[in-house]
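The next block holds one structure in the form of structure tokens; read it before the comments.
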Amino acid sequence: MNVPFSHSCRGCPGHCVSRRKFLQGCGASLAAAGVAGLPAMAKADNASPAKKPRVGVLFLCADADHILWPYVGRDFVTPINKIMAGLTAGVTDVEFKPLRIDTKVSADALPPVEALDREVDGWMVFLLCTNWGAGGVLLRTLAKNPKPLVMVDDLFAGSGTFLCNYSGLNAAGFKPVAISSSRFQDVVDVASCFRMLRDPKTTVDKFTAECERIRRANFAKPSGTAPLEDKLQLANIGDVVEQLKQTKVLLVGRGDKPHEMLGVKVQPISFDEIQAACKAVNSAQANEWADRWTDGAEKIVEPTRNDLVHAGEAYLAMNSLMDKHQAQGITVNCLGGIYSGKLTGYPCLGFMQLNSDGKLMGTCEGMTRDLVSLFAAKYLCGRSGFASDPVLDTAKNQIIYAHCVAPYKMFGSEGPSNPWIIRTHAEDHAGASVQSLLPLGYMTTTFDLYPERGEMLLHQARAVENVDTPLACRTKLAGEVQGDIGKLFNYWNHGWHRVTVYGDLADPMRELAAALKLKVIEEA
């Protein structure tokens, strides 16, 4: 299929680098790769039907100081050894040739994949971190290669690179095999398909079709359990549209030009302005908020008292900026402010408080789309939601909504509170964030507004578990997918984030989309 390699990921962070530039960084010998803890790769004879098929197994890792999912300084050796042991024991008639990639986002830092390509008949890529630049370049290069490609998400580690790149490649006409499962046997079952390559008549399409058949056969079946009763009070759709037009939000640390999104006015604010607001905060008031959060939390795990006071400063500064600019919401390029020294306090607890109180709204990462989506839900049903980085687990028919920010009141400011724990921000193990233990058994509606594409994304899941793992973001709500989890793989070329709200809001959201002249994309 003649698809240009330089296609965009459409909505995913990262760099679209040409294959030529990528391979310029891949010319060194395999011996020079210096892959610690993995066996050296000797030059092999050309593949033949009488020999075991050879599969290159690439492990996308990160440099020790690189702050990204799942967290800074992760031990990659242990999962690599476990994966290789599982593959070699589970598929004995295929030869797996491993290569670890430790790199930042520069394509020129990638190891000699081209040299290994001459030795193997197909590829497996295990994404052990979310590395937008290197991961995207690697996957797009291999997808164009006329050899089978299987990409595997290490759950809560490579999920961003996995979802965004798979959906982008799929939309562009490439057909890699994608596995996102907590059950390693699912990986082994698909890897066994590489034995088909002993037959020189096996095409990539035939290989991919068999992998897809096996992959789908391993999907967990829906439980059929009905959600708990949850009565909603819904606003008139016309009123929701008008309220959006009366809303103003602040965008901190991203962009410098005012604009609108679905009628919501967006006012950019510089890091310098929020830094000045933080310095102007009354110390006693910041300490008072630290006390309130300490008293309200179920427990505090890692953060210090100083972390909580700085979080109080960030919360009060955001409130003062919204008051100053007569805005009802705020979104902050949080880590950009932290790592530039413009913010001393992480705003995670402040966003939690704003969205639980329900009068003003806030969200992280300078994501205006998420904030406007939160307002749409609030005006529609009076409830706050939370934006997340989703993860798929086909072994459980689950989608897990992961972030370090979530409210503790999911049924509106007058509704019940759920327990929550104060943790550090997950990726860098610093500051103060929240692990919200969200209510289970209820239907949730997840969506995102994409006015620039004229679309609303929409799917639903029944909340079933608060996942507790040190990997990735602190709050992790697992939902049983209502519909086809296999379809969900196809839509993350729209970007990673989604906004989740409690309640069966599918039909009202469809009505709202019609009023906003947006096409509804049924993701599941």
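The values are calculated or read from the model by the stated rules, or taken from the named source; none is laboratory data. The structure displayed is predicted, hence computed values, not measured ones. Using ideal geometry, Cβ is built from the backbone for each residue, glycine included, and neighbour counts are taken over all protein chains shown. These area figures cover heavy atoms from the full protein model, side chains too; ligands, DNA and RNA do not enter into them. Shrake-Rupley method; radii C 1.70, N 1.55, O 1.52, S 1.80 Å.
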I'd like the per residue volume of the convex hull spanned by the Cα atoms of region 118-235, given in cubic angstrom. 164 Å³
Using Cα positions and a limit of under 20 Å, work out the lysines in reach of residue 257, with same-chain residues fewer than 8 apart set aside. 245, 248, 265, 324
If I model a spin label as a point 7 Å beyond the Cα along the Cα-Cβ vector, how far apart are those points for residue 248 and residue 118 in nm? 6.4 nm
Sulfur and carbon atoms: percent of accessible area, region 482-524 [1.4 Å]: 48 percent
By its C-alpha gyration tensor, with a ≥ b ≥ c as the square roots of the eigenvalues, how is region 349-453 shaped: rounded for a/c under 1.5, else prolate for a/b larger than b/c, else oblate? rounded
On a 0 to 90 degree scale, rounded to 10, what angle separates helix 283-296 from the longest Cα axis of the chain? 70 degrees
Shape call for region 227-270, from the Cα gyration tensor axes a ≥ b ≥ c (a/c under 1.5 means rounded, otherwise prolate when a/b beats b/c, else oblate), comes out oblate
Karplus-derived 3J(HN,Hα), 6.51/-1.76/1.60, for each residue of region 171-187, Hz, glycine and proline x: 5, 7, x, 7, 10, x, 8, 10, 10, 9, 8, 7, 9, 5, 4, 4, 5
As an exercise, use a Förster radius of 35 Å and the Cβ-Cβ distance of residue 517 and residue 320 to find the FRET efficiency, rounded to the nearest 0.05. 0.45
Considering the zone a paramagnetic label at residue 85 would reach in this model (a point 7 Å from Cα along the Cα-to-Cβ line), which residues of region 193-226 have amide N under 13 Å from it? none
So what are the ³J(HN,Hα) numbers for region 494-505, from phi and the Karplus equation (6.51, -1.76, 1.60; θ = phi - 60°), rounded to whole Hz, Gly and Pro as x? 8, x, 7, 5, 9, 10, 10, 10, 6, x, 7, 10
Points 7 angstrom from Cα along the Cβ direction at residue 490 and residue 413: gap in nanometres? 4.1 nm
What is the distance in Å between the Cα centres of region 360-439 and region 242-256? 20 Å
Per residue solvent-accessible surface (Å²) - the chain, probe of 1.4 Å: 39 Å²
Non-local residues with an amide H under 5 Å from the amide H of residue 425, with H modelled 1.01 Å from N and Pro and chain starts lacking one, are 430, 431, 432, 433
Given 0.36 nm per residue, what is the gain on full extension from residue 228 to residue 212 after removing their alpha carbon distance, in nm? 2.4 nm
Carbon + sulfur, % of accessible area of region 115-161 - ligands and nucleic acids excluded, 1.4 Å: 50 percent
Interchain or long-range residues, amide H under 5 Å from residue 62's placed H: 103
Can you give me the long-range amide H partners of residue 121? Hydrogens built in the peptide plane at 1.01 Å from N, cutoff under 5 Å, separation of 5 or more residues or another chain. 54, 55, 56
Can you list the lysines whose alpha carbon is less than 16 Å from that of residue 51, not counting same-chain residues fewer than 8 positions off? 43, 97, 201
Quick one: accessible surface of residue 291, probe radius 1.4 Å, all protein chains present, in square angstrom to the nearest 10. 70 Å²
Relative contact order of the chain, please, whole-number percent, based on alpha carbon pairs below 8 angstrom and at least 6 residues apart. 15 percent
Based on the mean of other Cβ atoms within 10 Å per residue, sort peptides 61-67, 116-122, 432-438, 445-451 so the most packed one is first. 432-438, 445-451, 116-122, 61-67
Express the carbon and sulfur contribution to the solvent-accessible surface of region 174-315 as a percent, rounded to the nearest whole number, probe 1.4 angstrom. 49 percent
Is the shape of the chain best called rounded, prolate or oblate, per the rule: a/c under 1.5 gives rounded, else a/b larger than b/c gives prolate, else oblate, with a ≥ b ≥ c the square roots of the Cα gyration tensor eigenvalues? prolate
